[in-house]
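Colleague: Below is one structure. I have some questions about it.
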Amino acid sequence: MSLVSDASSERPADASDVGGLVSALKDITDARAGGKAYGLARLAALGLPVPPAFVVCEASGKVFPEKLDEAYAALGSAKVAVRSSAQGEDGEETSYAGQYETVLNVEGTEALRQAIRHCVDSVTNRRAESYHRDHSGGDRVTMNVVVQSMVDARAAGVVFTADPVSARRDLLVVDAVEGLGDTLVSGDATPDHYAVHSTGAIVRRQLTGVEPVLKDDELLAIATQARAAAEKEGHPLDLEWAIDQQGGLYWLQARPVTTLPADLNEFDTALPRPDDVLTISNVSEMMPGAVSPLTGSFTGWGIDYGLQHMQFAVGARSRIQREWQITAWAYGHLLLNLSGNVVMSAAVLGSDEKQTAQALCGRIVPELKPMTPRPFLRRLMNTVKLLRYCLQAPTVVDQFGSDLDAFVIEQMSSSDSMWAQLSSKAAFFERAMAVHIQSSALSGFLCTLVENMVSGRSNNSTAEEQGEAVRLLAGASGVESALMLDQLDDLIDRIADHPQASESFLQANAVQALAWLRADAALSPLLERFLAEHGHRGYRELCMRDPAWVDDPAPLIMSMRAAVTARLRSSNGVMSHKDAVDLEGLGRGLRWLLPKAHNAIRRREHTKSQLVDVAHRFKIGFRHLGRLLEAEGALPDADLVYFFSVTELPDFVVRPDAQAVKRAASRRDALVFQQQLEFPEISVGIPQPLEPQPIRVIEGVIHGRPASRGIVEGIARVAHTLDEAAQLQSGEILVTPITDIGWTPYFSLIGGLVTDLGSAVSHGAVIAREYGLPCVVNTREGTRYLETGDCIRLDGDKGTVEKL
């Protein structure tokens, strides 16, 4: 049975007009006795230690049960707690927390009657009546009363088997005070606060005094028993507990936690190996933050497919498996499985886990261990396949471009036909991902060779040597994302020169500013050309839910306004100071290799744009599907389509049901909590959200990886979101976790770039080099150590950031 039960309006046959009936806890079998009484009965039935108690069912403040004194005597006529237990109180839908009364330390029969009367009268207090009216309607409230032996408490408190603040169900939180728990409920005492992970690890310990209220063994006993109760009940619980002077643990109340969204871990994928090493780098560049179930199951799987396809093509994997092998999905966030990538290193010659980490994270990852290598002859054959795979990239890209020109997702008139259209075309997205990864493999291979040739060593270059390699690779002019920036800069310059820019663009809202641009004969063609060529790009551009620039230009307009403001204040944007690469001054090997690396970089950025183009077409298709489902009455609003996985949509389109809609709405609520979670760059096993950690800074200097050469001193602007970035001033140094294409308009404004994550081929690094901006990536702690307004020195040659 569950703590939650449908409360019946049926009354005990002999309860009328006799002041209620006295019932033992063991006789309470449903919620007619109120949620509090039923919760205690369930805890006792589960074998947890509950202080002796009885229940006055359908209590009256005027007439009392005949057996009241007898029941009180059975408790030893000692001090008791008298608690309300109204029908609907402490239920699954509503808690009524604090609406009705509890009286502690009641002693004697007259005091007991007065306490029962006090609880009954609380039904009609203004606060409770208002809550009942808002949450449960106007039906009469039946008050039951729990009479329970007092615990002579040394410590007391509450425990939530799921964290009500973060909505994490793997985190149990405990608040504890000395003495009785009424001081905690009333707010008169500040509790010690603890958090215990589902593994049993105590991950948070916030004390109000020198000594903790709870010893570790007491805390773990509370956690173990509370979790056992929640597991048997089938839902998270909010329980009150007390520890007596002899150290005995007792349970005083239990109620369902009523405010939680869907489980944040509902879609977590299993790891191929329990100790796999995962990272938020790389994937987070195009997909920062948490994603909806549709994006995770469509885009997330597409990434895994593309990576498996590469390993299969070179002989490192015997087949492509439907289970995720090289990416992972946890707490709604997509991650890269580094160990899954090391599978490739073990299958070919000349590669190892260090090179894998350098390519994907921009540094060596000590936690990443090598896998048992395949036999030499097998690795030799696979290496030949890998070279062929990389060298075939230009041909594969050209063929895909031709097929993309003919690719169409039709807009159908019914949800079932629209879903059939989307599902029949889904393989093209997987192919687009595979093509981009093949193109990236060639680029990464050649860029690594350039760095190794500069250093004269394999995967062991110094910061200065990395900086020199970065300078050489920055010669890759004509990169698509940088050409996009040139077009945008030209448009921004034209707007800044317009006599009406201040009034019609800067002082107007985004909608008005966009309308003004489109109405201006000189500016409109520039804007429309930009959107026609690059409108499929945008923030979180592989997310199926987030609109592209062409669908919602407002974020683009906001960033353009910041850039125009800076132009008007400083008369010009940040000028490029990129050094030209003198090929004649290089050795023969680099003179031959570098142009090929530049071509590969251009090709990689082109296939990334193609991939986003394909994703945008699916965005339009899924958006249309949602609108059809809304029009057909299957969904209350079209946005809920993003909160079904691709495996759930086929059945829902054919047989919509209210429970599935409710579940989707709860998942949408959960996404808000998932977005607030942050993770370490590297995790061994399933990643765990970060608790506050000390910042690792060596003598005031943060160390990262040089990604674009140059030294700049300036004011830091720490921005986690595009909204925060809109406050950028000309010449400020942008400090951010990671950038994607949606941040591109700000590159003409900033004086340098610092990112927590990334590598030399990340979006921010590529655009910074094209713009000649000093850039340091993979600092890991820049956004935590630095604050907006700090004066800093960014050294893109050495990969350091110093607070001045």
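The values are calculated or read from the model by the stated rules, or taken from the named source; none is laboratory data. Every value quoted in this text rests on a predicted model; they were computed, and no experiment measured them. Note that each Cβ is placed from the backbone with ideal geometry, even for glycine, and that neighbours are counted across all protein chains shown. Accessible surface areas use protein heavy atoms only, side chains included; no ligands, DNA or RNA. Shrake-Rupley method; radii C 1.70, N 1.55, O 1.52, S 1.80 Å.
Colleague: Only one of these conditions is not met by Val776: (1) out of contact with any His (no Cβ under 8 Å at 6 or more places or on another chain); (2) within 30 Å of Ser292 (Cα to Cα); (3) modelled with pLDDT of 90 or more. Which number is it?
Modeller: Condition not satisfied by Val776: (2).
Colleague: Among the candidates Thr258, Thr295, single out the residue that is outside any strand (DSSP E or B), open to solvent by 30 Å² or more (accessible area, probe 1.4 Å) and in contact (Cβ under 8 Å) with a residue 40 or more places away in the chain.
Modeller: Working: Thr295 fails: open to solvent by 30 Å² or more (accessible area, probe 1.4 Å).
Selected residue: Thr258, the only one of Thr258, Thr295 that is outside any strand (DSSP E or B), open to solvent by 30 Å² or more (accessible area, probe 1.4 Å) and in contact (Cβ under 8 Å) with a residue 40 or more places away in the chain.
Colleague: Tell me, which residue of region 152-163 that is in contact with a Gly (Cβ under 8 Å, 6 or more places away or on another chain) and open to solvent by 10 Å² or more (accessible area, probe 1.4 Å) is nearest to Gly39 (Cα to Cα)?
Modeller: Taking the candidates together, the pick is Val158.
Yes/no matrix, rows are residues, columns are (1) buried (at least 22 other Cβ atoms within 10 Å of the Cβ); (2) under 18 Å from the mean Cα position of the chain (by Cα):
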residue: Val641; (1), (2): yes, no
residue: Thr647; (1), (2): no, no
residue: Ala660; (1), (2): no, no
residue: Ser666; (1), (2): no, yes
residue: Asp669; (1), (2): no, yes
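Colleague: Of (1) within 27 Å of Pro737 (Cα to Cα); (2) touching a helix residue (DSSP H, G or I) at 6+ places or on another chain (Cβ under 6 Å); (3) without any contact (Cβ under 8 Å) to a residue 60 or more places away in the chain, Gly535 satisfies all except one. Which?
Modeller: (2)
Colleague: For the structure I just gave you, tell me whether Val701 is under 29 Å from Ile437 (Cα atoms) and touching a residue at least 60 places away in the same chain (Cβ under 8 Å).
Modeller: So Val701 fails the test.
Colleague: Step by step: first the residues of region 502-539, then only those that are among the charged types (D, E, K, R) and surrounded by fewer than 19 Cβ atoms within 10 Å (Cβ to Cβ), then the one that is farthest from Met433 (Cα to Cα). Which residue is that?
Modeller: Of everything passing the filter in region 502-539, Glu503 is farthest from Met433 (Cα to Cα).
Colleague: Could you grab me the full set of residues in region 78-103 that are over 12 Å from Val120 (Cα atoms) and at pLDDT 90 or above?
Modeller: Matches in region 78-103: Ala78, Lys79, Val80, Ala81.
Colleague: Something else about it: Scan region 323-339 and report the pairs whose first residue is among the acidic types (Asp, Glu) and whose second residue is surrounded by fewer than 24 Cβ atoms within 10 Å (Cβ to Cβ), with Cβ atoms within less than 8 Å and a gap of 6+ or a chain change.
Modeller: Hits for this filter: Glu323/Thr269; Glu323/Ala270; Glu323/Pro272.
Colleague: Going by the conditions given, is Pro212 out of contact with any strand residue (DSSP E or B) (no Cβ under 7 Å at 6 or more places or on another chain) and either outside any loop (DSSP other than H, G, I, E, B) or farther than 29 Å from Lys662 by Cα (or both)?
Modeller: On the way: out of contact with any strand residue (DSSP E or B) (no Cβ under 7 Å at 6 or more places or on another chain): no; either outside any loop (DSSP other than H, G, I, E, B) or farther than 29 Å from Lys662 by Cα (or both): yes.
Here the answer is no, as Pro212 does not meet what is asked.
Colleague: Continuing with the same structure: Can you confirm whether region 730-748 contains a residue that is in contact with a Lys or Arg (Cβ under 8 Å, 6 or more places away or on another chain), modelled with pLDDT of 80 or more, more than 30 Å from Asn599 (Cβ to Cβ) and of a type in the set (A, V, I, L, M, F, W, C)?
Modeller: Within region 730-748, one or more residues are in contact with a Lys or Arg (Cβ under 8 Å, 6 or more places away or on another chain), modelled with pLDDT of 80 or more, more than 30 Å from Asn599 (Cβ to Cβ) and of a type in the set (A, V, I, L, M, F, W, C).
Colleague: Are there helices (runs of 4 or more DSSP H) fully within region 705-795 with at least 3 residues that are under 23 Å from Asp489 (Cβ atoms)? List them.
Modeller: It comes to 722-725, 763-771.
Colleague: What residue, among those in region 23-65 that are part of a loop (DSSP other than H, G, I, E, B), among the hydrophobic types (A, V, I, L, M, F, W, C) and in contact with a Phe, Trp or Tyr (Cβ under 9 Å, 6 or more places away or on another chain), is surrounded by the fewest Cβ atoms within 10 Å (Cβ to Cβ)?
Modeller: Here is the first cut: in region 23-65, the residues part of a loop (DSSP other than H, G, I, E, B) are 28-30, 34, 46-52, 58-65.
From the residues that got through so far, the ones that are among the hydrophobic types (A, V, I, L, M, F, W, C) too are 28, 46, 48, 50, 59, 63-64.
Checking which are in contact with a Phe, Trp or Tyr (Cβ under 9 Å, 6 or more places away or on another chain) leaves us with 28, 48, 50.
On the way: Ile28: 26, Leu48: 20, Val50: 22.
Within region 23-65, the match that is surrounded by the fewest Cβ atoms within 10 Å (Cβ to Cβ) is Leu48.
The rows are residues; the columns are (1) in contact with a Phe, Trp or Tyr (Cβ under 9 Å, 6 or more places away or on another chain); (2) small (Gly, Ala, Ser); (3) under 20 Å from Glu468 (Cβ atoms); (4) open to solvent by less than 10 Å² (accessible area, probe 1.4 Å).
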residue: Leu753; (1), (2), (3), (4): yes, no, yes, yes
residue: His763; (1), (2), (3), (4): yes, no, no, yes
residue: Ala768; (1), (2), (3), (4): yes, yes, yes, yes
residue: Gly772; (1), (2), (3), (4): no, yes, yes, yes
residue: Glu781; (1), (2), (3), (4): no, no, no, no
residue: Thr788; (1), (2), (3), (4): no, no, no, no
residue: Thr800; (1), (2), (3), (4): no, no, yes, no
residue: Leu804; (1), (2), (3), (4): no, no, no, no
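Colleague: Could you list all residues from region 164-209 that are crowded, with 16+ Cβ neighbours inside 10 Å and part of a loop (DSSP other than H, G, I, E, B)?
Modeller: If the condition is that a residue be crowded, with 16+ Cβ neighbours inside 10 Å and part of a loop (DSSP other than H, G, I, E, B), then Ser166, Ala167, Arg168, Arg169, Asp170, Leu180, Gly181, Ala189, Pro191 are the ones that fit.
Colleague: Being modelled with pLDDT of 90 or more, open to solvent by less than 10 Å² (accessible area, probe 1.4 Å) and under 17 Å from Ser504 (Cα atoms) is the filter here, so list the residues in region 547-559 that pass it.
Modeller: Correct list: Leu556, Ile557.
Colleague: Could you check region 738-770 and list, in sequence order, the residues that are touching a His at 6+ places or on another chain (Cβ under 9 Å) and under 16 Å from Arg537 (Cα atoms)? Walk me through it before giving the result.
Modeller: Step one: of region 738-770, the residues touching a His at 6+ places or on another chain (Cβ under 9 Å) are 738-741, 743-744.
Residues satisfying the conditions are Thr739, Asp740, Ile741, Trp743, Thr744.
Colleague: Search region 157-175 for residues that are without any contact (Cβ under 8 Å) to a residue 60 or more places away in the chain and within 19 Å of Asp216 (Cβ to Cβ) and pair each with any residue that is in a loop (DSSP other than H, G, I, E, B) and charged (D, E, K, R) when their beta-carbon atoms are under 7 Å apart and the residues are at least 6 apart or on different chains.
Modeller: Qualifying pairs under 7 Å: Leu171/Asp163; Val173/Asp163.
Colleague: Here's a follow-up. Taking into account only those residues within region 395-421 that are under 30 Å from Gly633 (Cβ atoms) and charged (D, E, K, R), which is surrounded by the most Cβ atoms within 10 Å (Cβ to Cβ)?
Modeller: First, the residues of region 395-421 that are under 30 Å from Gly633 (Cβ atoms): 408-421.
Of the ones still in play, those that are also charged (D, E, K, R) are 410, 416.
On the way: Glu410: 12, Asp416: 14.
Looking at residues that are under 30 Å from Gly633 (Cβ atoms) and charged (D, E, K, R), I get Asp416.
Colleague: Out of everything in region 349-381 that is buried (at least 23 other Cβ atoms within 10 Å of the Cβ) and among the aliphatic types (A, V, I, L, M), what residue ends up being nearest to Val776 (Cα to Cα)?
Modeller: Ala357
Colleague: Can you name every residue in region 654-684 that is aliphatic (A, V, I, L, M) and over 30 Å from Ser414 (Cα atoms)?
Modeller: Pass one, region 654-684, residues aliphatic (A, V, I, L, M): 654, 658, 660-661, 664-665, 670-672, 677, 682, 684.
Hits for region 654-684 are Val672, Leu677, Ile682, Val684.
Colleague: Oh, and also: If the requirement is being without any contact (Cβ under 8 Å) to a residue 60 or more places away in the chain and under 27 Å from Thr327 (Cα atoms), which of these qualifies: Ala665, Ala658, Ala670?
Modeller: Ala665
Colleague: Looking only at region 671-685, count how many residues are farther than 18 Å from Asp546 by Cβ, open to solvent by 30 Å² or more (accessible area, probe 1.4 Å) and touching a strand residue (DSSP E or B) at 6+ places or on another chain (Cβ under 6 Å).
Modeller: 1
Colleague: Answer yes if at least one residue in region 422-441 is surrounded by fewer than 22 Cβ atoms within 10 Å (Cβ to Cβ), modelled with pLDDT of 95 or more and of a type in the set (S, T, N, Q), and no otherwise.
Modeller: yes
Colleague: Additional query: Which of the residues spanning region 342-377 are under 19 Å from His703 (Cβ atoms) and of a type in the set (Asp, Glu)?
Modeller: Answer for region 342-377, where residues must be under 19 Å from His703 (Cβ atoms) and of a type in the set (Asp, Glu): just Glu367.
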